[in-house]
Amino acid sequence: MPSTAPIKPWDVHRLPLATGTNILVTGGNAGIGYFVAEQLAGAGATVVLGSRDTAKAETAAVSIRSRVPGAQVRWVRLDLADLFSLKASAEALHLDRLDAVVLNAGVMLDHPPRRETHDSHELMFATNHLGHFALTRQLAPLLAAAPAARIVTTGSFAAKSERLDLDDLQSTRDYQPKRTYARSKLAQMLFGLELDRRLRAAGSTALSVVTHPGGALDSLTPSRPPVHVRTTGDRLRGLPAGLLVQGKEAAAWPAVRAVLDPAVAGGQLWAPRVFGLRGLPRPAPLWDHLTDTAVAARLWDASCELTGVDPSVGL
Ligand SMILES: NC(=O)c1ccc[n+]([C@@H]2O[C@H](COP(=O)([O-])OP(=O)(O)OC[C@H]3O[C@@H](n4cnc5c(N)ncnc54)[C@H](OP(=O)(O)O)[C@@H]3O)[C@@H](O)[C@H]2O)c1
């Protein structure tokens, strides 16, 4: 019989218990990913920080343990720009089950020149999209072993006004860093939605959810020394921006909710409430171009080819 108990509103400061679950947060050593990890650890989850810098990862883990009594947190070496290394990163998790992965790590270059990874892929597209695409495939057996795993992909508001160039995914022509970044985030969002369609078609119990954090500035972010230090000067300078955007602690809320809230459904977009830029997390309507299933399917095929990943979802 359906419960008649009223549904409690989501409280970002009183999260449901996640004890006994294993969650990987890519880029969990800094920025929004750090706060996603801290909040999930606070809910009792065992959190693994995926980080390319082991010293930063250890510092972040120590910080979380100092703030969350009894936190279960550790790290694994993860470099999304090195496709070949991802299998070893997945193995190094030493888990028999992964309940969620937050695909959060990201790189944004402000200036030319165009840069490439060792695999000869454009750096932002490779790190933000191809790395996470290939990592998800490596994690598939662990995700499939969880009763209802969640794959949470971090997009960006910047992708709202951008379109993919399927004939030049690697920005070899007319390279503009901001556009290439926004396209890489759009590719991630299209991937997250296409993944959910494929999971449904395969009869999987796993869900793929897309989030974006709004606008998040370090100057609005509470200190977590030595991971992040905000001076009084930073704080004062950041005050006017606080009318429009938020700190990274609040920017973590959509991803945390996408992992923990039983009401979240696959194929949804979760984002901050106020103009999509700041505030409490809520489901947002999908932007028109995110619903283009033909583009998403072509991107999936191209991503398989570029990464050497088998086209099946594997979970
Ligand atoms: N901040 C915003 O306003 C905003 C807006 C929209 C979307 N986003 C998205 O939100 C996510 C987090 O942003 P943020 O502001 O927290 O960024 P951030 O402070 O620069 O942190 C980025 C994280 O990604 C990691 N990373 C970068 N390249 C990597 C690689 N090759 N392998 C593994 N990890 C790598 C970084 O590791 P290192 O510490 O080693 O560099 C760091 O942990 C990103 O996906 C970003 O695109 C942010």
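The values are calculated or read from the model by the stated rules, or taken from the named source; none is laboratory data. In this text, all values refer to a predicted model and were calculated from it rather than measured experimentally. All Cβ positions, even for glycine, are placed from backbone atoms using ideal geometry, and neighbour counts span all protein chains on display. Side chains included, ligands, DNA and RNA excluded: accessible areas come from the protein's heavy atoms. Shrake-Rupley method; radii C 1.70, N 1.55, O 1.52, S 1.80 Å.
Remarks
- Lysine-lysine proximity count for the range 22-307, Cα under 20 Å, sequence distance 8 or more or distinct chains: 4
- Distance from the alpha carbon centroid of the range 160-228 to that of the range 253-270 works out to 16 angstrom.
- For the range 301-313, 3J(HN,Hα) computed residue by residue from phi via the Karplus equation (6.51, -1.76, 1.60; θ = phi - 60°) reads 4, 5, 5, 4, 5, 6, 9, x, 7, 5, x, 6, 6 Hz, glycine and proline entered as x.
- Once backbone amide H atoms are built at 1.01 Å from N, ALA284 has LEU269, TRP270, ALA271 as its partners under 5 Å, excluding neighbours fewer than 5 places away on the same chain.
- Prolate is the label for the range 1-123. Its Cα gyration tensor axes, ordered a ≥ b ≥ c, give a/c of at least 1.5 and a/b above b/c.
- Highest-MSF residue in the chain out of PRO240, PRO281, PRO222 [GNM, Cα springs under 10 Å]: PRO240
- LEU244, LEU17, LEU40, ranked by accessible area, largest first (probe 1.4 Å): LEU17, LEU244, LEU40
- Extension gain for the segment ASP288 to ASP218, taken as residue separation times 0.36 nm less the Cα-Cα distance, is 22.1 nm to one decimal.
- Here the range 22-307 is treated with +1 on each Lys and Arg Cβ and -1 on each Asp and Glu Cβ, and its dipole about the Cα centre works out to around 820 debye.
- The range 16-84 - Debye-derived log10 I(q)/I(0), Cα point model, q = 0.14, 0.15, 0.24 Å⁻¹: -0.35, -0.40, -0.94
- Dipole orientation for the chain: of the candidates LEU49, LEU217, PRO141, LEU217 has the Cα lying most toward the positive pole (charges on Cβ; Lys, Arg +1; Asp, Glu -1).
- Beta bridges assigned by DSSP with both partners in the chain are antiparallel in approximately 20 percent of cases.
- Tensor-based shape of the chain (alpha-carbon gyration tensor, a/c under 1.5 rounded, otherwise prolate or oblate): rounded
- For ARG224, the residues whose amide H sits under 5 Å from its own are VAL229, ARG230, ignoring neighbours fewer than 5 places away on the same chain, with H placed 1.01 Å from N.
- Annotation: amide H of ASP168 has no partner in the under-5 Å range at sequence separation 5 or more or interchain, hydrogens built in the peptide plane.
- Mean accessible surface per residue for the chain, computed with a 1.4 Å probe while every protein chain stays in place, in Å²: 46
- Rounded to the nearest 10 square angstrom, MET124 shows an accessible area of 0 square angstrom against a 1.4 Å probe.
- Ligands, DNA and RNA left out, the 1.4 Å accessible surface of the chain is 56% carbon and sulfur atoms.
- Backbone phi angles across the range 177-193, fed through the Karplus curve with coefficients 6.51, -1.76 and 1.60 (θ = phi - 60°), yield HN-Hα couplings of x, 5, 5, 4, 4, 4, 5, 5, 5, 4, 4, 4, 5, 4, 4, x, 6 Hz in residue order; Gly and Pro are listed as x.
- In sequence order, calculated HN-Hα J values of the range 243-251 (Karplus, 6.51, -1.76, 1.60; Hz; x Gly/Pro): 5, 10, 10, 9, x, 6, 5, 6, 5
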